[in-house]
Structures are given as C-alpha cells and as structure tokens.
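A quick write-up on the structure given underneath.
The values are calculated or read from the model by the stated rules, or taken from the named source; none is laboratory data. These numbers were taken from a predicted model, which means no experiment stands behind them. Cβ: placed from backbone, ideal geometry, glycine included. Neighbour counts: every protein chain shown. For accessibility, only protein heavy atoms count, side chains too; no ligands or nucleic acids. Shrake-Rupley method; radii C 1.70, N 1.55, O 1.52, S 1.80 Å.
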Amino acid sequence: MLHMRHDDLAGAHGLLRHQQGVITRGQALDAGLTDKAITVRLRGGRWQRLQTGVYATFSGEPPRNAQLWAAVLRAGPGAALSHQTAAELYGLLAVPAPVIHVTIPGDRRIALQPGLVVHHSARLDEARHPVLTPPRTRIEDSVLDLIETGGSMDDAVGLILRASASRRTTPERILAALQRRPKMPRRAALLQALGEAKDGAQSLLEFRYVNRVERPHGLPPGHRQNPVRRGGRSQYQDLSYDGYDLVVELDGRAAHPEWLRWADIRRDNANAATGQVTLRYGWDDVTERPCQTALEVAAALREHGWGGTLRRCRAQCLVR
C-alpha cells in the first residue's frame, strides 16, 4: 500500500484499507472532513482525483486495484466490475482492457466518464459476487457477458474452457448461469463447448482436435487430461488412448521457449520408457490438416492393436 496521509480520517482507516486508499466525497464528508478540507488536499497534491467525486488519498501513480475501486465507487451503490475487467480479475485475460467495465442496476443512469464503460443489468444482484472485492460479477456471468457482447465463436469456446480449467468455476455452474439467460446467442455451440469442458477439454485446440480430427473420422475417444506420475511428479497427458499405448500432445503456443521444448522432450522420453508413443500436433495440424492428422493417429493406433475403420469426414476427405 502506498503511504497515505489520512491521520485526520481516524474513523475511515478501515474503509481506506479496504478500498486501497480510495474514498468518495460522500465518505470523506461522513468521516468528518469539509468540502474546503477536501479541496485543500487536492490542491496541495496530498490527494488526487481518480473519478468524478472519487479520490486517492495518496500521491504518486495509483495501482491497478485503486483504479478499479475508483471506477466501481464512481458507478455507485450496487455496481460491480464486469465484462473484460472482471475477466481480468479472474485471470482469464492476459492483458487488461484499455477501459474499465462496470455494470450498474438497470434502472439507474450515471454520466459518461473517460476510460469507463457502463453496462446496465436488471439481474445484477444475482450476478454480483457476494464476497470478492473490488465488487465484481461472478466468473460465470463475466464469461457469458463477454460472449454476449461480441467476439468469434472460437473466442467464446476458448473463454469457457479457460474458465473451467482455472478451477474457479465448473462447466455445471456456467451451464446454470446460461440457463438463466434464455435469449443467449449461439446457445447450441455453447452447450457443446460446456460438454467438452465437462469431459476434460482445457483449450480451444483440444476442442478442435475432438471435433475436427477424432469424432468426424471415427477414431476412438481419447482420455483427456490423463494424470500420470513420473519420477515422483504429477503430469497430465492431453489425450491418452488407453489400451493402445498412444499419447497425443497438443501445443497451441506460437513460440516455443527452449526450456519448454526440453520439458516436452523429457516428457516424451518418459512416455517412451513405458512403451508409449507420443504424437505432437499444433494448431495448423488440427485446424488446417485434420484429415492427415487423423490418418497418422489411426496408423499409430493400428500399430498397437486398434481394429477400427476411419470414416470420411466430407467429400474432400483424405481418408479412402
């Protein structure tokens, strides 16, 4: 916490700690300050204005949490951080959005503020998380809000899978939130993504592998996120074809750092030492060459006893 000069706010110390040193004009007046005292602090640089009627009780660059508190306090009672900003707090976005998103009750309006995007919801009381601070929408509602406001179907599926894989929620809880939104667009595709998440898929690439390589070509279903212990350490195989000593690892990383490359090699070596063959595929293998990938997986399965027959997925399929 940055140094805060608020010795004259003895009754608000707990509030300031809770709100990361941010206070509204109303809260400051309730704590005993006058309008003149607030103005003196602002002009003297001891305080700084973060939003209209919302101040940081310290100088210097305000940290991210202070900025988020200022936004939700400016939005007023019952407001919650939402959409991209809530997703940021849940670790679902790698980079914070350039603006802060808040949702307020549907029957209330506030003046437009620079850097602040305001949404309205008639069901905010239900969507707001009951405990976490700064106030925010639940992770399930945050995911569905983002999907509802735009983006591609791949973005939507990836978001659902990341949220489920984060262990902060479950496919069942996202489904329950979805059922409370009867007008949600792309409902059928979202239900399919939730089904894949429930079965263990943790990335868009895994989702694509199952729906472009495995199922359309009649391959046996792999065991997703299969836990194994090697050298006293737990590892997870993306897909393990039980009974056929075959592991498929899916790597969606555009760049492959040296230490990760060697970690993959050691994992492949450990698989080989137990008699398992490892096939590795990236995004292009799954999305641009799914038929060729299916042929390779089928050949490896047949080497280990699979007697099934591949299906043609479409007229141009490479499977004969």
Every pair of residues 6+ apart whose Cβ atoms lie under 7 Å, when the first sits in segment 49-62 and is part of a loop (DSSP other than H, G, I, E, B) while the second is of a type in the set (Val, Ile, Thr) and open to solvent by 20 Å² or more (accessible area, probe 1.4 Å): Gly53/Thr24
Unmet criterion (only one of (1) out of contact with any Asp or Glu (no Cβ under 9 Å at 6 or more places or on another chain); (2) of a type in the set (S, T, N, Q); (3) in contact (Cβ under 8 Å) with a residue 60 or more places away in the chain) for Ser82: (1)
Where a residue in segment 138-155 is under 16 Å from Arg181 (Cα atoms) and its partner, wherever it lies, is not in a helix (DSSP H, G or I), with Cβ under 6 Å and at least six apart: Arg138/His129; Ile139/Tyr90; Ile139/Arg168; Ile139/Thr169; Glu140/Thr169; Asp145/Ser82
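In segment 83-116, which residue that is β-branched (Val, Ile, Thr) and assigned to a loop (DSSP other than H, G, I, E, B) is nearest to Val157 (Cα to Cα)? I'd like the intermediate steps shown before the answer.
Filtering segment 83-116 down to residues β-branched (Val, Ile, Thr) leaves 85, 95, 99-100, 102-104, 110.
Among the residues that remain, those that are also assigned to a loop (DSSP other than H, G, I, E, B) are: 95, 99, 110.
Values: Val95: 19, Val99: 24, Ile110: 33 Å.
Top of the filtered list is Val95.
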Failed criterion for Leu92 (all others in (1) open to solvent by 60 Å² or more (accessible area, probe 1.4 Å); (2) modelled with pLDDT under 95 hold): (1)
Any hit, segment 117-134, residues being within 23 Å of Arg181 (Cα to Cα), touching a His at 6+ places or on another chain (Cβ under 7 Å) and either modelled with pLDDT under 95 or not in a helix (DSSP H, G or I) (or both): yes
Members of segment 195-218 found to be of a type in the set (Gly, Ala, Ser) and buried (at least 22 other Cβ atoms within 10 Å of the Cβ), listed by number: Ala197, Ala201
Filter result for Ala71 (open to solvent by less than 20 Å² (accessible area, probe 1.4 Å), closer than 30 Å to Asp155 by Cα, out of contact with any Cys (no Cβ under 8 Å at 6 or more places or on another chain) and assigned to a helix (DSSP H, G or I)): yes
Selected residue [part of a helix (DSSP H, G or I), more than 19 Å from Ala87 (Cα to Cα) and small (Gly, Ala, Ser)] from Ala176, Ala197, Ala189: Ala189
When residues of segment 145-158 are limited to those that are farther than 13 Å from Ala189 by Cα and not charged (D, E, K, R), the one modelled with the lowest pLDDT: Gly151
Candidates Ala197, Ala193, Ala177, Ala156, filtered to the one that is small (Gly, Ala, Ser), over 30 Å from Gln292 (Cβ atoms) and touching a helix residue (DSSP H, G or I) at 6+ places or on another chain (Cβ under 6 Å): Ala177
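Please indicate, with yes or no, whether at least one residue in segment 163-173 is part of a helix (DSSP H, G or I), in contact (Cβ under 8 Å) with a residue 60 or more places away in the chain, within 26 Å of Leu50 (Cα to Cα) and under 16 Å from the mean Cα position of the chain (by Cα). So that I can check it myself, show each step before the final result.
Keep residues of segment 163-173 that are part of a helix (DSSP H, G or I), which gives 163-165, 171-173.
If we keep only those that are in contact (Cβ under 8 Å) with a residue 60 or more places away in the chain as well, we get 163.
In the following step, the residues that additionally are within 26 Å of Leu50 (Cα to Cα) were identified as none.
The answer is no, given that none of the residues of segment 163-173 is part of a helix (DSSP H, G or I), in contact (Cβ under 8 Å) with a residue 60 or more places away in the chain, within 26 Å of Leu50 (Cα to Cα) and under 16 Å from the mean Cα position of the chain (by Cα).
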Any hit, segment 128-135, residues being touching a strand residue (DSSP E or B) at 6+ places or on another chain (Cβ under 9 Å), open to solvent by less than 40 Å² (accessible area, probe 1.4 Å) and either within 30 Å of Pro77 (Cβ to Cβ) or of a type in the set (Lys, Arg) (or both): yes
